[in-house]
1. Taking the condition closer than 24 Å to A:Phe64 by Cβ, within 16 Å of ligand 2 (Cβ to nearest atom), within 12 Å of the chain's Cα centre (by Cα) and not in a loop (DSSP other than H, G, I, E, B), does A:Leu163 pass?
2. Determine whether the stretch A:150-164 contains at least one residue that is of a type in the set (A, V, I, L, M) and surrounded by fewer than 17 Cβ atoms within 10 Å (Cβ to Cβ).
3. Evaluate the following for A:Leu115: is it in contact with a helix residue (DSSP H, G or I) (Cβ under 8 Å, 6 or more places away or on another chain), buried (at least 17 other Cβ atoms within 10 Å of the Cβ) and of a type outside the set (Gly, Ala, Ser)?
4. Can you find a residue in the stretch B:163-171 that is touching a residue at least 12 places away in the same chain (Cβ under 8 Å) and touching a Gly at 6+ places or on another chain (Cβ under 9 Å)?
5. Starting from residues that are surrounded by 22 or more Cβ atoms within 10 Å (Cβ to Cβ) and in contact with a strand residue (DSSP E or B) (Cβ under 7 Å, 6 or more places away or on another chain), keep the ones in the stretch B:182-240 and report whichever is nearest to the other protein chains (Cβ to nearest Cβ).
6. Could you say which residue among A:Leu120, A:Leu163, A:Leu115, A:Leu159 is closer than 28 Å to A:Ile5 by Cβ, of a type in the set (A, V, I, L, M, F, W, C) and within 13 Å of another protein chain (Cβ to nearest Cβ)?
7. Sort out for me the helices (runs of 4 or more DSSP H) sitting completely within the stretch A:6-115 that have 1 or more residues that are within 16 Å of ligand 2 (Cβ to nearest atom) and in contact with a Ser or Thr (Cβ under 9 Å, 6 or more places away or on another chain).
8. Quickly run through the stretch A:166-188 and pick out the residues that are within 14 Å of another protein chain (Cβ to nearest Cβ) and either at positive phi or more than 16 Å from ligand 1 (Cβ to nearest atom) (or both).
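Every number here is computed from the coordinates shown, using simple stated rules; none is lab data. What you see is a predicted model; the values in this text were computed from it and never measured. Cβ coordinates were reconstructed from backbone atoms using ideal geometry, including for glycine residues, and neighbour counts include every protein chain displayed.
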Amino acid sequence: MSEPILRAEALGKNFGGLAAVRDVSLDLSPKQIHAVIGPNGAGKTTLINLLSGDLTPTTGRVFFRGIEIEGHALDRIARLGVARAYQRTNIFAGFSVFENCRLAAQARRQPGIRLFRPALAYRDINDAAGRAMALAGVESRATDRASDLSHGEQRQLELAMALATEPQVLLLDEPLAGMGPEEASRIAALIARLGADLAILLVEHDMDAVFNIAATITVMVDGAVLASGTPQAIRADAAVQAAYLGEAA
Amino acid sequence: MSARLRPALLGLGLIVLIALPLVAGKFGLDLAARIMIMAIFAMSLDLLVGFAGMVSLGHAAFFGVGAYALYLLSPQYGAASLLVSLPVAIAAAALAALVIGLLVLRSSGVYFIMVTLAFGEMFYYYATGARWLGGSDGAYVYQRPSAGPVDLGQGHAFYYLVLIALAATYALLRVILRAPFGHALRGIRSNEHRMRSLGFAAPRYKLLAFVIAGALAGLAGYFDAAQFGVVNPELFGWRLSGSVLMMVILGGMGTLDGAIIGAAVLVLLENFLGDLTTHWLLPMGLFIVAAVLLLPQGLTDPAALWRAMRERSRV
Ligand SMILES: Nc1ncnc2c1ncn2[C@@H]1O[C@H](COP(=O)(O)OP(=O)(O)O)[C@@H](O)[C@H]1O
Ligand SMILES: [Mg+2]
């Protein structure tokens with residue numbers, strides 16, 4: 001297995017008295033899909049927030065390619081090549097679908113301040129935005145306002161924006177939730193394909209999708225890791241059966 | 001406004017302004033120059049309020065810095081060098097905006113409004129007590145600046161320089177708003193958190209917008225001092241900050257043309273209502289509240305006025 005690109009070491013996050021994440025360690029490696037599953041409130045989103053820099057950990061450390069990421073570093077982590085798709089859709093509602101993706105591509109390709117050339121004259125940025133829209137299946141809505149999209153389409157746009165930043169690491173928080181079955185299986189197949197190149201952290205409730213495409217699965221309950229391993233190992237794990245899969249199935 | 005109508009109207013407006021000295025007398029030209037100066041000021045604030053989503057109630061601070069810079073650079077009874085004083089005034093305002101921006105940009109929303117207001121008032125109170133700035137009475141700028149054959153005190157030189165500055169300000173803002181910088185500012189206004197999560201160092205973008213806006217406000221203040229030949233602490237104060245904010249809101253936030261129209265309407269109102277009563281702020285305030293309620297898009301979108309009235313009559 002190759003060197004991990006993103007590594008969480010004993011991460012913890014407290015909200016007041018509540019330990020939302022407790023002593024969680026995990027590695028994300030290139031060309032691998034690492035799924036994190038667990039019941040609602042298990043701390044999955046909080047874990048992603050700690051990796052993306054949306055939240056600062058109470059305890060523990062995060063490393064990118066072996067170098068510790070310190071401080072409140074949301075935009076710095078993004079510029080390293082860590083992209084995030086939010087569970088609660090987080091888009092520019094008043095902008096066109098294209099502009100949503102174009103801004104994402106601009107963040108990657110021209111993160112510095114560019115004052116003079118027209119934004120639309122940066123063809124590489126337009127092209128990156130176009131590719132991301134096509135991948136996520138929203139290119140037919142390119143000129144529509146993001147707020148006019150259906151809930152499922154907005155989920156696709158959320159993913160398209162993450163892709164438009166051409167990341168090395170993708171943090172996906174329930175990307176399939178809210179999509180129709182057809183779109184969901186299409187997007188699951190897309191995530192599987194992206195997994196051939198990128199390091200992906202996939203939080204998802206769709207167990208069929210998770211067990212099909214993940215190389216590693218971590219099960220979280222009450223903020224802590226209950227078990228971690230291959231899909232086969234997780235399926236066979238008695239504790240997981242009892243705590244989680246048993247109820248869900 | 002339609003995509004074809006706007007350039008046509010802009011061109012027409014420019015031609016009218018160029019030709020105005022042929023037909024208008026001193027009163028008309030002074031009024032037009034006053035409108036253009038306020039339009040520069042309003043556009044500079046619109047960059048913050050209308051595009052970056054930063055509602056500043058202390059923008060006059062930088063206007064005042066530009067004005068006082070001309071006073072400080074003018075010899076006692078002589079004319080300042082235009083080529084020195086103009087860039088220095090702009091740079092001084094930019095520097096003030098850089099320092100204040102570093103302090104105020106940590107806050108946002110209502111806090112940002114209050115903190116910018118507080119800084120403007122700090123400048124105001126400092127100026128009222130500062131001997132070297134003429135204290136609360138202010139000071140005179142006895143002659144308009146000049147540079148070789150160009151003497152802003154002679155003929156229509158001042159009027160035309162202000163017109164050039166207006167056109168240049170408009171063009172500069174158009175360019176940067178169309179560039180990736182402008183797109184990023186709109187993104188920050190719409191959803192700053194998402195911009196950061198995409199990788200934009202949002203605070204830097206906001207700081208640069210604040211500095212550019214401050215520099216252009218300084219340019220406007222410089223011309224104001226040159227036009228009236230006097231500076232006083234009011235130039236830093238909240239009344240002026242409030243007036244320019246009204247211009248921006250009245251014209252429709254986020255449209256440069258709107259800022260120009262808002263400036264024209266407010267300067268004209270101030271001029272004519274101001275003759276009727278020294279307490280022109282009240283009728284003007286009422287007018288503005290009505291305008292803002294009826295025209296969320298400002299005066300640049302008359303269709304919205306019609307829609308708003310119809311909707312109101314239905315309720
Ligand atoms: N910002 C917050 N403030 C307080 N409590 C929070 C916050 N975010 C999450 N929590 C709590 O932390 C726990 C884990 O939440 P979350 O990470 O969203 O779980 P999951 O994504 O696995 O459903 C929940 O009990 C939730 O209520
Ligand atoms: Mg969640």
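1. Considered against the rule, which asks whether it is closer than 24 Å to A:Phe64 by Cβ, within 16 Å of ligand 2 (Cβ to nearest atom), within 12 Å of the chain's Cα centre (by Cα) and not in a loop (DSSP other than H, G, I, E, B), A:Leu163 comes out as no.
2. Taking every residue of the stretch A:150-164 in turn, none turns out to be of a type in the set (A, V, I, L, M) and surrounded by fewer than 17 Cβ atoms within 10 Å (Cβ to Cβ).
3. Details: in contact with a helix residue (DSSP H, G or I) (Cβ under 8 Å, 6 or more places away or on another chain): yes; buried (at least 17 other Cβ atoms within 10 Å of the Cβ): no; of a type outside the set (Gly, Ala, Ser): yes.
It is false that A:Leu115 is in contact with a helix residue (DSSP H, G or I) (Cβ under 8 Å, 6 or more places away or on another chain), buried (at least 17 other Cβ atoms within 10 Å of the Cβ) and of a type outside the set (Gly, Ala, Ser).
4. Filtering the stretch B:163-171 for residues touching a residue at least 12 places away in the same chain (Cβ under 8 Å) gives B:163, B:165-167, B:169-170.
Filter once more, so that each one left must be touching a Gly at 6+ places or on another chain (Cβ under 9 Å): none.
Within the stretch B:163-171, not a single residue is touching a residue at least 12 places away in the same chain (Cβ under 8 Å) and touching a Gly at 6+ places or on another chain (Cβ under 9 Å).
5. Among those that are surrounded by 22 or more Cβ atoms within 10 Å (Cβ to Cβ) and in contact with a strand residue (DSSP E or B) (Cβ under 7 Å, 6 or more places away or on another chain), it is B:Ser197.
6. A:Leu163
7. Of the helices (runs of 4 or more DSSP H) lying wholly inside the stretch A:6-115, those with at least 1 residues that are within 16 Å of ligand 2 (Cβ to nearest atom) and in contact with a Ser or Thr (Cβ under 9 Å, 6 or more places away or on another chain) span A:44-52.
8. The answer is A:Glu166, A:Pro167, A:Gln168, A:Val169, A:Leu170.
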